[in-house]
Amino acid sequence: MTEFDNKVAVITGGANGIGKCIVEEFRKNGAKVCIIDKAEGDHFVGDISDKIVLEAFVDNVIGKYGHIDYLINNALPVMRGIDECSYEEFQYALMVGVTAPFYLSKLFLPYFKKGGSIINISSSRDRMSQPQTESYTAAKGGIAALTHAMAVSLSEKVRVNSISPGWIDTNYTVYEGPDAAQQPCGRVGNPLDIANMVLYLCSEKAGFITGENICIDGGMTKLMIYHGDNGWSYTL
């Protein structure tokens, strides 16, 4: 028996990658899992940028279980840069990355049981960037800010936290050399690094944590980089 036995976990983008790992870990621990994803499969198939799809999904989940315990907003927004990103693509990224998590939280709010938790998957790109990533970065920054806003609004009802993954290899590739060494932990991350934190934040052990954004990136965002340090050089 675990504290997740027969709890209901809702996960967006749960068919592949980090989302799939989160699904597997909840199921291993006895939870009932509801997934929505654009990819075909044995789950609710739909595009979360569509308001009607979100409403139908919530009706489906509540029709089956009558309540939920955990909502994991994990679905990935599209990544396009300012040179090529269209108005429509940028809007779509924000709809998937910010609007859908907000609206799902709003729709599910009356159905959360005591001890409920919302986990938003942001990104270390909410605080740092590569060129030509504006749509994705804006969406991830938005959901990080949405997290602390909802944590305050939902105080004493639902705890709300976000996780900002760094480099996570969803194929569990083991990297050596500079790819590993550039991260203070000495390796590239994998989906379990994120899934383990999701389950912890949903657990009673994290009962005094809300409104937080936890960066899981092997320490990469903490390493200051100056030309000539640690073997780094900058070429103009």
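The values are calculated or read from the model by the stated rules, or taken from the named source; none is laboratory data. Just so it is clear, the structure is predicted and the values come from calculations on it, not from any experiment. Counting neighbours? That spans all protein chains shown, and the Cβs are built from the backbone with ideal geometry, glycine included.
A Cβ distance below 6 Å, combined with a sequence gap of six or more or placement on separate chains, defines the contacts here; from the stretch 68-90, residues that are hydroxyl-bearing (Ser, Thr, Tyr) reach residues that are buried (at least 18 other Cβ atoms within 10 Å of the Cβ) and not in a helix (DSSP H, G or I) in the pairs 70/9; 70/117.
Go through the stretch 8-30 and give me each residue that's surrounded by 23 or more Cβ atoms within 10 Å (Cβ to Cβ) and in a loop (DSSP other than H, G, I, E, B). Within the stretch 8-30, 13, 14 qualify. Residues in the stretch 80-100 that are among the polar types (S, T, N, Q) and either within 16 Å of residue 141 (Cβ to Cβ) or assigned to a helix (DSSP H, G or I) (or both): 91, 99.
Residues that are among the hydrophobic types (A, V, I, L, M, F, W, C) and either touching a residue at least 24 places away in the same chain (Cβ under 8 Å) or buried (at least 18 other Cβ atoms within 10 Å of the Cβ) (or both) within the stretch 171-205 comprise 185, 188, 192, 194, 195, 197, 198, 199, 201, 202, listed in sequence order.
If the condition is being touching a residue at least 60 places away in the same chain (Cβ under 8 Å), not in a loop (DSSP other than H, G, I, E, B) and not hydrophobic (A, V, I, L, M, F, W, C), then the stretch 206-236 contributes 213, 221. The numbered conditions (1) surrounded by fewer than 20 Cβ atoms within 10 Å (Cβ to Cβ); (2) free of Cβ contacts under 8 Å to residues at least 60 places away in the same chain; (3) in a strand (DSSP E or B); (4) not hydrophobic (A, V, I, L, M, F, W, C) are all true for residue 116 except (1).
Listed here are the residues, each with its yes/no results for (1) within 26 Å of residue 16 (Cα to Cα); (2) out of contact with any helix residue (DSSP H, G or I) (no Cβ under 8 Å at 6 or more places or on another chain); (3) small (Gly, Ala, Ser).
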site	(1), (2), (3)
159	yes, no, no
180	yes, yes, yes
185	yes, yes, no
211	no, no, yes
221	yes, no, no
236	no, yes, no
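For the stretch 145-161, the set of residues classified as surrounded by fewer than 21 Cβ atoms within 10 Å (Cβ to Cβ) and either within 28 Å of residue 31 (Cβ to Cβ) or modelled with pLDDT under 95 (or both) consists of 148, 149, 151, 152, 153, 154, 155, 156, 157, listed by residue number.
Looking at the structure I just gave you, is residue 19 small (Gly, Ala, Ser) and closer than 23 Å to residue 163 by Cα? Working first, answer last.
Details: small (Gly, Ala, Ser): yes; closer than 23 Å to residue 163 by Cα: yes.
It is true that residue 19 is small (Gly, Ala, Ser) and closer than 23 Å to residue 163 by Cα.
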